[in-house]
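**Student:** Can you keep this structure in mind? I'll have questions shortly.
The values are calculated or read from the model by the stated rules, or taken from the named source; none is laboratory data. Keep in mind the model is a prediction, meaning the values are calculated, not measured. Cβ coordinates were reconstructed from backbone atoms using ideal geometry, including for glycine residues, and neighbour counts include every protein chain displayed.
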Amino acid sequence: MSGFSFYGKHRPRVLVAVAWLLVFASVLLLMLSPGMPGTYLAFSVAAGLVVIALAVKLKSILLLVAGSCVAVSYYGMALMMMSVTP
């Protein structure tokens, strides 16, 4: 991870804004999605992969972790609902 830092690059600011908006939109969509089956699955996987790609471009460890959490959040919730995890 040569050249990566915790916060990463701050420019271009549009990429930073898009990455963080996708991370925070996942929380909002989670609250709104119970009436829309399949919406959160599609969004979380797609948004997570986009955030991971932006994290690599911006060289941000924090965005890399956040993007990974968004990408697998749906599967974590599914495991908890099926009582696979404690």
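**Student:** Are there any pairs, at least 6 apart or on different chains, whose C-beta atoms fall under 8 Å, with the first in the range 4-16 and at pLDDT below 85 and the second in a loop (DSSP other than H, G, I, E, B) and surrounded by 12 or more Cβ atoms within 10 Å (Cβ to Cβ), and if so, which?
**Tutor:** Nothing qualifies.
**Student:** Also: From the list Ile61, Ile52, which residue is at pLDDT 90 or above and surrounded by 16 or more Cβ atoms within 10 Å (Cβ to Cβ)?
**Tutor:** Sole residue among the options that is at pLDDT 90 or above and surrounded by 16 or more Cβ atoms within 10 Å (Cβ to Cβ): Ile52.
**Student:** Give the residues of the range 1-21 that are of a type in the set (S, T, N, Q) and surrounded by 10 or more Cβ atoms within 10 Å (Cβ to Cβ), sorted by residue number.
**Tutor:** Within the range 1-21, Ser5 is the sole residue that qualifies.
**Student:** Looking only at the range 31-46, which residues are in contact with a helix residue (DSSP H, G or I) (Cβ under 6 Å, 6 or more places away or on another chain) and modelled with pLDDT under 75?
**Tutor:** Scanning the range 31-46 gives Ser33, Thr39, Tyr40.
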